[in-house]
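A.B. asks: Take a look at this one; I'll ask things after.
Since every read-out is calculated from the coordinates, none of them should be taken as a lab result. Worth saying up front: this structure is predicted, and the values here are computed from it rather than measured. Cβ placement follows ideal geometry from the backbone for every residue including glycine, while neighbour counts extend to all protein chains displayed.
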Amino acid sequence: MEENKTTEQVGGAIPPEKKKFKKPTAKVATVYITKVAILAAVATVLYYFARFPIFPMPPFNVLDMDFSDIPALLGGFALGPVASVIIAFIRCAIKCTSTTTVFVGELSAFIVSLSFVLPATIIYKYNKTIKGAIIGLVVGIVTNAVVSCLNNYFITVPMYAKLYSASLMDVRVEFAFMYGLAFNVIKTVVASVITFILYKRLSKILHL
């Protein structure tokens, strides 16, 4: 994450001999696709295998902690917001092939994930500083909290109630605004801290 603006950004000219020529478009596209694919694969592995419940009591034990938003954030910071969307989409699309929720869980995961990674990466795109990264992550956490509450209340719980048990509607408020909210805040804060620590170390590898 860049702490200071470059000479070009503050109005100074870059000497001709130091100007970098743009890479061939085809090569840039190939590198971009490769890096997005690798990050999507890492996100998918994390989504499948690095997950565990936060709350032991049913039905809230379905809220599994996972770290699959971290590759999407890293990709979004390095390659732009579109990359974060693609990574999140691929992860959820692959999970759809083994869905046990008639795509309800995957759809919800995609919506909630975008509410976190998109605001963060868009803000960082236009303010590539440590402060910009922190602001982006904080906005992403807040946006995710709001969207996850609404998503759980209006989409996830009602659809799960139809699929599994109508009694789930009895804990709709608790699921959306208590346990679900706490779960998503914990998840996004942890992902933000890990991303903040990793990004500077991996930025040279991730950037085009």
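A.B. asks: From the phi angles alone, apply the Karplus equation (6.51, -1.76, 1.60; θ = phi - 60°) to the range 120-131 and give each ³J(HN,Hα) in whole Hz, x where the residue is Gly or Pro.
C.D. replies: Whole-Hz 3J(HN,Hα) from phi for the range 120-131: 4, 6, 5, 4, 5, 4, 9, 8, 7, 9, 4, 4.
A.B. asks: Compare PRO71, PRO158, PRO81 in a GNM of the chain, Cα atoms joined below 10 Å, and give the one with the largest fluctuation.
C.D. replies: Between PRO71, PRO158, PRO81, it is PRO158 that shows the largest mean-square fluctuation.
A.B. asks: Could you work out Rg/(2.2 N^0.38 Å) for the range 123-208, with Rg from alpha carbons only? Walk me through the numbers on the way to the answer.
C.D. replies: Values: Rg = 17.0 Å, N = 86, 2.2 N^0.38 = 12.0 Å.
Cα Rg divided by the expected 2.2 N^0.38 Å: 1.43.
A.B. asks: For q values of 0.13 Å⁻¹, compute log₁₀ I(q)/I(0) with the Debye formula on a Cα-only model of the chain, without solvent.
C.D. replies: At q = 0.13 Å⁻¹ the computed log10 ratios are -0.74.
A.B. asks: A further question follows. What length, rounded to one decimal in nm, is gained on full extension from MET178 through to ILE33, with 0.36 nm per residue of separation minus their alpha-carbon distance?
C.D. replies: Extra length from MET178 to ILE33 when fully extended: 48.3 nm.
A.B. asks: Also: Please report, in debye to the nearest 20, how large the charge dipole of the range 16-206 is about its Cα centre when each Lys and Arg carries +1 at its beta carbon and each Asp and Glu carries -1 there.
C.D. replies: Once rounded to the nearest 20, the dipole reads 1300 debye.
A.B. asks: When the chain is modelled as a GNM with alpha-carbon springs shorter than 10 Å, which of SER113, SER165, SER192 fluctuates the most?
C.D. replies: SER165
A.B. asks: Length gain on complete extension for the stretch THR25 to ILE155, per 0.36 nm per residue less the alpha carbon to alpha carbon distance? Numbers along the way, then the final one.
C.D. replies: Working: separation 130, 0.36 × 130 = 46.80 nm, distance 4.16 nm.
Result: 42.6 nm gained on full extension.
A.B. asks: With just the Cα atoms defining each centre, how far is the range 115-130 from the range 55-69? Give it in Å.
C.D. replies: So the two Cα centres are separated by 26 Å.
A.B. asks: Using +1 at the C-beta of Lys and Arg and -1 at the C-beta of Asp and Glu, which of MET57, ALA40, PHE103 has the Cα lying farthest in the positive direction of the dipole of the chain?
C.D. replies: ALA40
A.B. asks: Please compute the length gained on full extension between LEU198 and THR97, using 0.36 nm multiplied by the number of residues separating them and subtracting their Cα-Cα distance.
C.D. replies: Result for the pair: 33.3 nm of gain on full extension.
A.B. asks: Next question. Taking H as built 1.01 Å from N, whose amide H comes closer than 5 Å to the amide H of MET65, not counting residues under 5 places away?
C.D. replies: HN-HN under 5 Å from MET65: PHE52, ILE54.
A.B. asks: Given the options ASN144, ASN61, ASN127, state which has the largest fluctuation in a GNM of the chain using a 10 Å cut-off (strictly under) for Cα springs.
C.D. replies: Ranking ASN144, ASN61, ASN127 by mean-square fluctuation puts ASN61 first.
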